[in-house]
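Notes follow once the structure below has been shown.
The values are calculated or read from the model by the stated rules, or taken from the named source; none is laboratory data. As the structure is a prediction and not an experimental result, all values here were calculated from the model. Positions of Cβ are generated from backbone atoms using ideal geometry, with glycine treated the same way; all protein chains shown enter the neighbour counts. The area values use the complete protein model at the heavy-atom level, side chains included, leaving out ligands, DNA and RNA. Shrake-Rupley method; radii C 1.70, N 1.55, O 1.52, S 1.80 Å.
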Amino acid sequence: MNTENVNINSIDIDKKSTVEMISIINNEDKTVALAVEKAIPQIAKAVDVISEGLKKDGRLISIGAGTSGRLAIQDAAECTVTYGVPEGTVSAIMAGGRDAVFKPSENVEDNFDGGAEEIAKLNVGPNDTIVGISASGNAPYVCGALTQAKAHGANTVSLLCNEHGKIADCSDIAICVPTGAEVINGSTRMKAGTAQKMVLNMLSTASMIKLGKVTSNFMTWMTPTNIKLEKRARFIVSNLCNVSEEEADELLTENNYNIQAVVSKYRK
């Protein structure tokens, strides 16, 4: 696996100055976006499948172990507030459960049956899309999840950072982003993790755009749940409806701070 190779650009990093260390990391990070770019056709194909399923009341469910699972949870957790989708529409499963989010539980990724069991609980079907994430591409837990999902007719997508990973064979669409050797040998929370985060952003964001959750480039289905978001709501309405922020506040107040309702009525 290329993610387990020795990176010749970071040999002797332990003997470098702080600035040199950070520069090495930064230079390696620059390669990640280029690796993701090469996978755009597969990412786009996955977005089309995900968004079509969501339009039919399906779900987007991501699953992974370790860093991959934690990134999936982060992405899913933000979709409800950002895009106003019902709770459970976009969700994530972490190998080892809630405790594994906060502390290592690496052995669970070897449990094929564990991944399959988690998907079996969800009663998935043809409108659901399961995204299995594994930097190595070989996590048995993720293979089990994808295999179970496919057996029940769900759409399956794999996201991996090594070519020829086993999870690719378990999915309908394989998004392979070969990020190569890590600065610190095998530390896939670095470049591989960055690539996974970028792709997850693309999958969820582009799917929400296709569902009509974005107007121009504003999150008009956002739920303003705090002072910062209320301020953002006023800014959005001000821009899209061509009114002052004071007028935007009045319109939002009249409509229970429902951005979409205001924009639908008053956009010019």
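Just a few scattered comments:
- Bridging of Lys197 to lysines at a Cα separation below 19 Å is possible for Lys30, Lys38, Lys45, once same-chain residues fewer than 8 apart are set aside.
- Percent of beta bridges antiparallel (DSSP, the chain, rounded to nearest 5): 5
- When each of the peptides 197-206, 120-129, 226-235 is scored by how many other beta carbons lie within 10 Å of its residues on average, the order from highest to lowest is 197-206, 120-129, 226-235.
- Contact order normalised by residue count of the chain, Cα under 8 Å, 6+ apart, percent: 22
- Per residue, the solvent-accessible area of the chain (1.4 Å probe, heavy atoms of protein chains only, all protein chains present) comes to 50 Å².
- Rounded tilt (10° steps) of 191-210 against the dominant C-alpha axis of the chain: 30
- Extension gain (nm, one decimal) between Glu87 and Asn242, 0.36 nm per residue minus Cα-Cα: 52.6 nm
- Here the contact order of the stretch 63-201, divided by its residue count and restricted to Cα pairs under 8 Å and six or more residues apart, works out to 22 percent.
- A helix-only calculation puts the chain at -16000 deg cm²/dmol for mean residue ellipticity at 222 nm, using -39500 (n - 2.57) for each DSSP H run of at least four residues, averaged over all residues.
- Total charge dipole magnitude, the chain, about the Cα centre, Cβ charges on Lys, Arg, Asp, Glu only, Debye to nearest 20: 520
- Whole-Hz Karplus values for the stretch 231-241 come out as 5, 5, 4, 5, 5, 4, 5, 4, 6, 6, 9 Hz, taken residue by residue from phi with 6.51 cos²θ - 1.76 cosθ + 1.60 and θ = phi - 60°; glycine and proline positions read x.
- Counting only protein heavy atoms and a probe of 1.4 Å, the accessible surface of the chain is 50% carbon and sulfur.
- Exposure ranking of His164, His152 by accessible area [1.4 Å probe, largest first]: His164, His152
- Placing a label point 7 Å from the Cα of Lys121 along the Cα-to-Cβ line, no residue of the stretch 157-187 has its backbone N under 15 Å from it.
- For the stretch 141-167, backbone nitrogen atoms closer than 13 Å to the point 7 Å from Gln74 Cα along Cα-to-C-beta are found at no residue.
- Pair Phe235, Arg98: separation of 7 Å Cα→Cβ label points (nm): 3.3
- Distance between the stretch 166-192 and the stretch 1-65 - C-alpha centres, whole angstrom: 7
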